[in-house]
Amino acid sequence: MADLLNIGVSGLLAFQRNLATTSHNISNVNTPGYSRQRVELGTRPPQFAGAGYLGNGVQVSSVQRVYDSFLTSQIRTSTSTNGQLQSLYSYASQVDNLLADSQSGLSPALQDFFGAGQGVADDPASMPARQVLLSNAAGLTDRFQYLNQRLGDLRNGINTQLQTTSTEINSLAQGIAKINKDIVDALGSGGGAAPNDLLDKRDILIAQLAERVAVTTIPQDDGAVNVFIGNGQSLVVGTASNTLVTAPNAFDPARLEVAFKTGTTTVIISDSLTGGTLGGALQFRNQVLDSAQNSLGQLATGLVNTFNAQHLEGQDLNGALGAAFFTAGAVQVLARSSNTGGATVTATITDANALTVSDYRLQRNADSGGNANYTLTRLSDNTVVATYTPVLPAALTGTVPAVDGLAVSWTGATAMAVGDSFLIQPTRNGARDIGVAISDPRKIAAAAPIRTSKSLNNLGSATISAGEVLNSADAALLNTVTITFNNPPTTFAVTGVAPNPSPVTYTSGTNIAYNGWQIQVTGTPQAGDTFTIQQNTNGVSDNRNALLLSGLQTQLTLAGSSASYQDLYGQVVAQVGSTTHQADISRQAQESLLGQVTAARDAVSGVNLDEEAADLVRFQQAYQAAAQVISSSNSLFDALLNAVRR
Amino acid sequence: MRISSTQINQQGINAILDQQAQLSKTQLQLSTGRRVVTPADDPAASARALGLTQAVTGTQQYQTNIDVAQGRLGLEEGALSGAGSLLQDVRVLALQANNAALSNGDRVAIANEIRQRLDELLALANSRDAGGEYLFAGYKGQTQPFSQNSSGGFIYNGDQGQRYLQIGPTRQIAVSDSGTDVFQAIRNGNGTFTTKDNAVNTGSGIINTGTVVNPAAYQAHNFTITFTSATTFDVVNNTTATTILSAQPYTSGAAISFNGIQTAITGTPATGDSFAVTPSANQDVFTTLQNLANALAAPVTGGSTAKLNNAVNRSLVDIDQALGNILDVRARVGARLNAVESQKNINEDFALLTATSLSKLQDLDYSEAASRLNLQRTALEAAQLAFVKVQGLSLFNFL
């Protein structure tokens, strides 16, 4: 009877535990990361009673959480990738919308500008047409600056995001370290029983960490979990945690990088960080933002250089040679903060057509064979594009051979030290620095500076072309030059060129070039026929240069004569568009993958209320039955008492 | 497979959110009318669309340029047509004045009228467009092209520049002609040579303007036909100082041929009279008219009108040359107007084609989008309905 009572009580206690655990499951149905728990029951050790072993009731052997560590780590990985793609997509789509917007994009401004150029060609003496060109030029430069400003805002946004995300990561790391300690303690005091809810809580913190940056975890024997990021930087080791901080880039103090801090040493680890919102932000900055800003700068720089070159070959309404139409800034050169030499590096653009969107690095390598060794590396493909190896000792000044339309030279009070390096960004600030150089509409050089004429006394049928300027810097450009045909008219004499050339053989239609211009005489001249090339004084109705300027719109003047301005802009838009498109597709794929993994985990660990309801009924019934056992035991005892009562 | 309660809930909500996202995208497409809302929707198409948009706006600009070109060419056409009919009138006046029956006074009256017409012609040559630019000044649009110097000669202050406009992607068209080409570069005489009586001739010989009969034999030399008696003449090549014909018998109206040319003298030249045959030079149309007026204004003395007739004959042929030149220029202007018109049609076709491609590239197929919207709406409603139905199911309801 005492056995029966004991057995009944063991059932009551066990089913109470079961009911409590079921209630716990029901209560936590909406708790994120919660793994349902199950009470493991077992029989108590049986008792030998002569005839055999008698059962001794039930006991609770453990409370387990239903958990699959493989699925949990899959979720972690998926969460990181998903976070990275979401972050990349949300940033990239901002650039995407910015560039393509028919109001804010560059295309309309570019078209308006060249349309106004045609307006000047239509009526070169008209001040309103010229004024419109200047206003539209200002509109175009404003648009460049606006786009660049918006990209700059995104750049600042990334800096802020790196700071806040690092702080969040640090507090998560501290949380994980603290729970690690709690778990180790609980395991010790619980005699090895798993503290299920603490384990769940730690998994949640690690999942939150994985949303921000990709992590790898290694469980320890004592129950703690070590967390690593990047190339194995240990963020959490047992019960201790390290911190992430932001540090300025070695070249560009305005560009923040993520650094790993252990004790007093700080190492920049941006390049090795992937996954999560942090990885997405860094990827966006490296792959989309830098190249979009460089491409926009390439376009602005190309426009400034090609348009100015043509404008210089013209003549304005005052009769003066054209001056620069647009202004541009200097090429940005950033010295690494750890440089020890005294050299200052200057880079200039020599050929806008050859310019690439890449950044470059100039560095002085270790001396070899009695020579100093300087190299210029193109960072887009990490190729050394120019080297300079002067004999030692290294001079204070130097220059590497011009390459990719870029000339790089340096000078300073002391020489560049071995190991010094400089970051050269030829196009980064092109869109920021573009401006309109002229404000007086009369200074638009719509005319050509020279004009040609044939003498009225000419008897032959030869004609002279309108001429074109090859080099507006030629000092003798505006000198009056006459071409007089000799007898017989197979040769001609030229005056006005220093020194005057000896008789030149005449071939109809060939180029005749002197003093920085070029003309053609076509047809059959007669002896004594003369042609004159002279300054285009009062040529206010001349639109030759305006036509050439407008013609630049469709000419392939950039990216190695492969693209017009519009083409280049189209390439930027397509590039950003396809990156965004790709990020969107991967994001959707990753989202559904994450959904699947989450469903798989929930299938194992999630709480199903119907199941719990059934369990509730089951355990309730079992509890009632166990209570009935006690009641039976009581009846049996009563029967015995009644039997012996007198 | 077990399904957790949260999962059932989440799945339902995810389905609804997905449907809503798709619906919202279709709604955006319908409200903007564009298939490609951002470049990410179709990167290749949007880059191409940028290029096509530039082609469309570029073509619109060419059409604007064409309007400007038509305006300018129309103005030039008008001025040239005015100059042409003016010269026709002067020609009639010259023929009228060549009549021996007229008195000196009548001729002076005609000369005065011709001077009036000369001023008119000068005004036409100095025409300006609406912006105040001179049409015939070449590049020097703000310099009056033709003026008279103190000695009464006509000078051209413009240059030989010709303005072109861009009327197609690869097509430029001239929209002006310089004053030199229109009014100045006109060969006098018959275009190859001129015949002129000597101012001191006393006879009544009248030389005609002659023709080139054998271009291969023609040399641009100066010749003089000198009457050695009333019935004989010599022809001397002044350039080489050689007598090429000597003591030729003279018959009034008979052909005189040498150097590949042919001319004839009528009337009775006196001994010692001479006529010069010289290669043509350029003579501006104003000088031509002035010469005519001067010749008519000079009184005829001594009864013979030979001097007058010779001068008027010369002027007539000069006027014909000027008329011919102006007609040439007009024909060129007309050809350009035609070319501009046909380029306008080409541009219109191109703009239409481009706009069609652009539309195909980025515009929305409304019927497709509308039926898609309908489908997505139905799907969303189904997802919502399913969510509500499934959420109602719980074993606890039955406990």
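With respect to B:Ser85, is the statement that it is without any contact (Cβ under 8 Å) to a residue 60 or more places away in the chain and either polar (S, T, N, Q) or within 9 Å of another protein chain (Cβ to nearest Cβ) (or both) true?
Numbers: without any contact (Cβ under 8 Å) to a residue 60 or more places away in the chain: yes; either polar (S, T, N, Q) or within 9 Å of another protein chain (Cβ to nearest Cβ) (or both): yes.
When the stated conditions are applied, B:Ser85 passes them.
Could you name every one of the strands (runs of 3 or more DSSP E) located completely within region A:442-547 that has at least 2 residues being farther than 22 Å from A:Gln315 by Cα and out of contact with any Lys or Arg (no Cβ under 8 Å at 6 or more places or on another chain)?
Details: elements: A:450-454, A:481-485, A:491-495, A:511-514, A:517-522, A:530-535.
Where strands (runs of 3 or more DSSP E) fall fully within region A:442-547 and carry at least 2 residues being farther than 22 Å from A:Gln315 by Cα and out of contact with any Lys or Arg (no Cβ under 8 Å at 6 or more places or on another chain), they are A:481-485, A:491-495, A:517-522.
So, of the residues in region A:528-558 that are touching a helix residue (DSSP H, G or I) at 6+ places or on another chain (Cβ under 6 Å) and among the small types (Gly, Ala, Ser), which turns out to be farthest from the other protein chains (Cβ to nearest Cβ)? Among residues in region A:528-558 that are touching a helix residue (DSSP H, G or I) at 6+ places or on another chain (Cβ under 6 Å) and among the small types (Gly, Ala, Ser), the one farthest from the other protein chains (Cβ to nearest Cβ) is A:Ala546. Every condition in (1) over 22 Å from the mean Cα position of the chain (by Cα); (2) among the hydrophobic types (A, V, I, L, M, F, W, C); (3) under 22 Å from A:Asp271 (Cβ atoms) is met by A:Leu162 except one, and the failing one is (1). The selection criterion, being surrounded by 16 or more Cβ atoms within 10 Å (Cβ to Cβ) and at negative phi, holds for B:Gln362.
For region A:491-507, the set of residues classified as polar (S, T, N, Q) and farther than 17 Å from A:Val521 by Cα consists of A:Asn500, A:Ser502, listed by residue number. Scan region A:494-524 for residues that are out of contact with any Leu (no Cβ under 8 Å at 6 or more places or on another chain) and in contact (Cβ under 8 Å) with a residue 40 or more places away in the chain and the total you get is 7. Of all residues in region A:309-348, those satisfying the criterion of being closer than 30 Å to A:Leu478 by Cα and in contact with a helix residue (DSSP H, G or I) (Cβ under 6 Å, 6 or more places away or on another chain) are A:Gln310, A:Gly314, A:Asp316, A:Leu317, A:Asn318, A:Gly322, A:Ala324, A:Phe325, A:Phe326, A:Ala328. Test A:Asn231 against the stated conditions and say whether it is under 30 Å from A:Gly188 (Cα atoms) and in contact with a Ser or Thr (Cβ under 9 Å, 6 or more places away or on another chain). No, not satisfied. Restricting B:Ala55, B:Ala47 to those that are assigned to a helix (DSSP H, G or I), without any contact (Cβ under 8 Å) to a residue 40 or more places away in the chain and either within 14 Å of another protein chain (Cβ to nearest Cβ) or under 17 Å from the mean Cα position of the chain (by Cα) (or both) reduces the list to B:Ala47. Please verify whether region A:10-21 includes one or more residues that are within 30 Å of A:Asp610 (Cβ to Cβ), outside any loop (DSSP other than H, G, I, E, B) and without any contact (Cβ under 8 Å) to a residue 12 or more places away in the chain. The answer is yes; a qualifying residue exists.
Working only within region A:120-136, note down all residues that are among the small types (Gly, Ala, Ser) and within 8 Å of chain B (Cβ to nearest Cβ).
Within region A:120-136, A:Ala121, A:Ala125, A:Ser126 qualify.
For first residues located in region B:344-355 and within 22 Å of B:Val68 (Cβ to Cβ), partners that are of a type outside the set (A, V, I, L, M, F, W, C) and lie 6+ apart or on another chain with Cβ distances below 6 Å form the pairs B:Asn347/B:Thr59; B:Asn347/B:Tyr62; B:Asn347/B:Gln63; B:Phe350/B:Thr59; B:Ala351/B:Thr59. Of the residues A:Asn487, A:Asn457, which single one is surrounded by fewer than 16 Cβ atoms within 10 Å (Cβ to Cβ), more than 30 Å from B:Gly158 (Cβ to Cβ) and within 14 Å of another protein chain (Cβ to nearest Cβ)? The conditions single out A:Asn487.
If you filter region B:127-158 down to residues that are surrounded by fewer than 18 Cβ atoms within 10 Å (Cβ to Cβ) and either touching a Pro at 6+ places or on another chain (Cβ under 7 Å) or closer than 17 Å to B:Ala185 by Cβ (or both), you find that the one that is nearest to the other protein chains (Cβ to nearest Cβ) is B:Asn157. The single residue among A:Ser586, A:Ser592, A:Ser578 that is under 30 Å from B:Ser4 (Cα atoms), within 11 Å of chain B (Cβ to nearest Cβ) and either part of a helix (DSSP H, G or I) or under 29 Å from the mean Cα position of the chain (by Cα) (or both) turns out to be A:Ser592. Quick check on region B:67-78. Is at least one of its residues in contact with a Gly (Cβ under 9 Å, 6 or more places away or on another chain) and more than 8 Å from chain A (Cβ to nearest Cβ)? Within region B:67-78, one or more residues are in contact with a Gly (Cβ under 9 Å, 6 or more places away or on another chain) and more than 8 Å from chain A (Cβ to nearest Cβ).
Can you pull out the residues in region A:22-32 that are in a helix (DSSP H, G or I) and crowded, with 17+ Cβ neighbours inside 10 Å? Listed by number, the residues that qualify are A:Thr22, A:His24, A:Asn25, A:Ile26. Right, A:Val400: over 24 Å from A:Val288 (Cβ atoms), in contact with a Phe, Trp or Tyr (Cβ under 8 Å, 6 or more places away or on another chain) and crowded, with 19+ Cβ neighbours inside 10 Å or not? The answer is yes for A:Val400. Among B:Ser357, B:Ser315, which is modelled with pLDDT of 90 or more and surrounded by fewer than 17 Cβ atoms within 10 Å (Cβ to Cβ)? Every option except B:Ser357 fails the conditions.
Report, by residue number, each residue of region B:71-111 that is among the small types (Gly, Ala, Ser) and not in a helix (DSSP H, G or I). Selection gives B:Ala100, B:Ala101, B:Ser103.
Out of A:Ser80, A:Ser35, A:Ser61, one residue alone is part of a helix (DSSP H, G or I), on the phi < 0 side of the Ramachandran plot and either within 14 Å of chain B (Cβ to nearest Cβ) or small (Gly, Ala, Ser) (or both). It is A:Ser80.
Matching residues to (1) assigned to a helix (DSSP H, G or I); (2) touching a helix residue (DSSP H, G or I) at 6+ places or on another chain (Cβ under 9 Å); (3) not acidic (Asp, Glu):
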position	(1), (2), (3)
A:Asp153	yes, no, no
A:Gln161	yes, yes, yes
A:Ser166	yes, yes, yes
A:Ile176	yes, yes, yes
A:Ile179	yes, yes, yes
A:Leu187	yes, no, yes
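Evaluating A:Ser605 against the criteria (1) touching a residue at least 12 places away in the same chain (Cβ under 8 Å); (2) under 30 Å from B:Leu393 (Cβ atoms); (3) away from every other protein chain (no Cβ under 14 Å); (4) among the polar types (S, T, N, Q) leaves one unmet condition, (3).
State whether the residues of region A:505-517 include one that is within 14 Å of chain B (Cβ to nearest Cβ), closer than 24 Å to A:Asn305 by Cβ and not β-branched (Val, Ile, Thr).
Residues of region A:505-517 that are within 14 Å of chain B (Cβ to nearest Cβ), as a first pass: none.
Within region A:505-517, not a single residue is within 14 Å of chain B (Cβ to nearest Cβ), closer than 24 Å to A:Asn305 by Cβ and not β-branched (Val, Ile, Thr).
Across region B:186-230, what is the number of residues that are of a type in the set (A, V, I, L, M) and surrounded by fewer than 18 Cβ atoms within 10 Å (Cβ to Cβ)?
The initial filter retains those residues of region B:186-230 that are of a type in the set (A, V, I, L, M), namely B:186, B:199-200, B:206-207, B:212-213, B:216-217, B:220, B:225, B:230.
Narrowing further to those that are surrounded by fewer than 18 Cβ atoms within 10 Å (Cβ to Cβ): B:199-200, B:212-213, B:216-217, B:220, B:230.
Here the count works out to 8.
Please work out which residue is modelled with the lowest pLDDT, limiting yourself to region A:100-111 and to residues that are more than 7 Å from chain B (Cβ to nearest Cβ) and outside any loop (DSSP other than H, G, I, E, B). In this case the residue turns out to be A:Pro108.
The values are calculated or read from the model by the stated rules, or taken from the named source; none is laboratory data. This structure is a prediction, so every number in the text was calculated from the model and none was measured. For neighbour counting, all protein chains shown are included, and Cβ atoms are generated from backbone atoms with ideal geometry for every residue, glycine included.
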